[in-house]
Amino acid sequence: MPDPFALLETVHRARMHGDTPRVLVLSVADDPTGTCPAPEQLHEVCEAAAGEGLWVLSDESRRDLLHDPHDTVVLSPAEMLPDGVVVLTDLRATLVPDAWPVALARFPATGRGAELRAAALDALTGLDAPLPGPLGCAVTHALGEPEAVRARIAAVARLHGTLAAALHRTVTDAGAVCRPPRSGSHLYADLEPLRRPSPPGASSNPPRWKGSWRPGRRAAATASATRPAPCGSGSVPRACSAPTGSCGNAPWTPPTRWNSRTSARR
């Protein structure tokens with residue numbers, strides 16, 4: 001979340017040099033700091049963006065992961081600029097497993113919003129990035145926010161909040177200056193592979209697994225993809241007892257994570 005005056009200065013300087021900034025990306029619950037901007041600051045930034053004709057992309061993936069929902073107020077730019085904000089959310093932060101590539105975008109109900117939505121669909125079509133059938137059924141079920149899913153989300157957020165608060169106290173007691181974390185939850189890397197002795201001929205530099213993606217994760221995800229997927233005709237599907245694929249859904253294979261720096265599969 002930028003300082004509104006610094007934002008205006010940056011936009012003006014860019015236009016003086018011939019650039020045409022048109023989009024501002026905001027995060028109402030930041031990752032990885034876990035901080036949330038004050039509503040007053042968010043309002044000032046949105047006013048500055050609207051005054052400069054900038055579209056706002058609001059990343060709200062971790063908006064529902066507040067450590068203490070009664071202590072932190074989180075607003076969306078879409079509540080302030082309903083006709084000029086596209087809301088993005090990565091469902092892997094809350095509702096679905098980390099290995100499932102699922103995200104949502106909410107466009108304004110305006111002519112310009114419809115144009116942006118159509119352009120986004122064209123881009124996704126060009127990338128050949130459809131949502132696999134079994135995944136679609138499970139995601140539809142998760143979007144109904146059943147009690148079991150909501151309880152797990154709340155528990156994970158509370159646990160992460162306890163750990164993050166302890167870390168914040170440790171670094172501030174050591175002299176650091178930083179805002180306290182208010183939101184977010186992370187699945188930490190499994191360090192067990194780093195403790196195991198390397199086989200003969202293996203590299204002396206052990207692999208570094210980013211986020212929750214670690215050895216064995218792909219096999220677990222592949223195994224889970226063969227289980228019955230929830231499906232049905234309602235908005236919140238019932239659990240389906242048929243084998244995966246028998247209802248017309250093709251089995252899904254988790255995507256390969258790619259390291260662009262080393263061109264090596266993880």
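The values are calculated or read from the model by the stated rules, or taken from the named source; none is laboratory data. This is a predicted model, so every value here is computed, not measured. Heads up, the Cβs are rebuilt from the backbone with ideal geometry, glycines too, and the neighbour counts pull from every protein chain shown. Heads up: the accessible areas ignore ligands, DNA and RNA and are worked out on the full protein's heavy atoms, side chains in. Shrake-Rupley method; radii C 1.70, N 1.55, O 1.52, S 1.80 Å.
Annotations
- For the stretch 62-87, the candidate set comprises residues that are in contact (Cβ under 8 Å) with a residue 60 or more places away in the chain and of a type in the set (Asp, Glu); within that set, the residue that is farthest from residue 157 (Cα to Cα) is 71.
- Of the listed requirements (1) open to solvent by 20 Å² or more (accessible area, probe 1.4 Å); (2) closer than 27 Å to residue 156 by Cβ; (3) of a type in the set (Val, Ile, Thr), residue 102 misses just one: (1).
- Residues of the stretch 44-69 that are open to solvent by less than 40 Å² (accessible area, probe 1.4 Å) and within 19 Å of the chain's Cα centre (by Cα): 56, 58, 60, 61, 65, 66, 67.
- Residue pairs meeting the criteria (Cβ under 8 Å; at least 6 apart or on separate chains; first of a type outside the set (Val, Ile, Thr), in the stretch 145-156; second outside any helix (DSSP H, G or I)): 145/95; 146/236
- Residue within the stretch 109-129 that is part of a loop (DSSP other than H, G, I, E, B), modelled with pLDDT of 90 or more and either open to solvent by 30 Å² or more (accessible area, probe 1.4 Å) or among the polar types (S, T, N, Q) (or both) present: yes
- Residues (without any contact (Cβ under 8 Å) to a residue 12 or more places away in the chain and assigned to a helix (DSSP H, G or I)) located in the stretch 6-44: 6, 9, 10, 12, 13, 14, 15, 16, 40
- Options 89, 94, 72; residue that is hydroxyl-bearing (Ser, Thr, Tyr), touching a helix residue (DSSP H, G or I) at 6+ places or on another chain (Cβ under 6 Å) and open to solvent by less than 50 Å² (accessible area, probe 1.4 Å): 94
- For the stretch 77-94, taking the residues that are part of a loop (DSSP other than H, G, I, E, B) and out of contact with any strand residue (DSSP E or B) (no Cβ under 9 Å at 6 or more places or on another chain), the one that is farthest from residue 45 (Cα to Cα) is identified as 94.
- If the condition is being open to solvent by 90 Å² or more (accessible area, probe 1.4 Å) and either closer than 17 Å to residue 36 by Cβ or among the hydrophobic types (A, V, I, L, M, F, W, C) (or both), then the stretch 152-173 contributes 158, 159, 163, 167.
- Test: residue 138 is assigned to a helix (DSSP H, G or I) and surrounded by fewer than 16 Cβ atoms within 10 Å (Cβ to Cβ): no
- Members of the stretch 141-151 that are open to solvent by less than 50 Å² (accessible area, probe 1.4 Å) and in contact with a helix residue (DSSP H, G or I) (Cβ under 9 Å, 6 or more places away or on another chain): 142, 149
- Complete set of residues in the stretch 3-43 that are within 30 Å of residue 160 (Cα to Cα) and either surrounded by fewer than 16 Cβ atoms within 10 Å (Cβ to Cβ) or hydroxyl-bearing (Ser, Thr, Tyr) (or both): 3, 25, 27, 32, 33, 35, 38, 39, 40, 41
- Qualifying residue in the stretch 59-76 (condition: out of contact with any Lys or Arg (no Cβ under 6 Å at 6 or more places or on another chain), more than 28 Å from residue 15 (Cα to Cα) and either in a helix (DSSP H, G or I) or among the polar types (S, T, N, Q) (or both)): yes
- Test: residue in the stretch 40-51 that is within 17 Å of residue 156 (Cβ to Cβ) and among the polar types (S, T, N, Q): no
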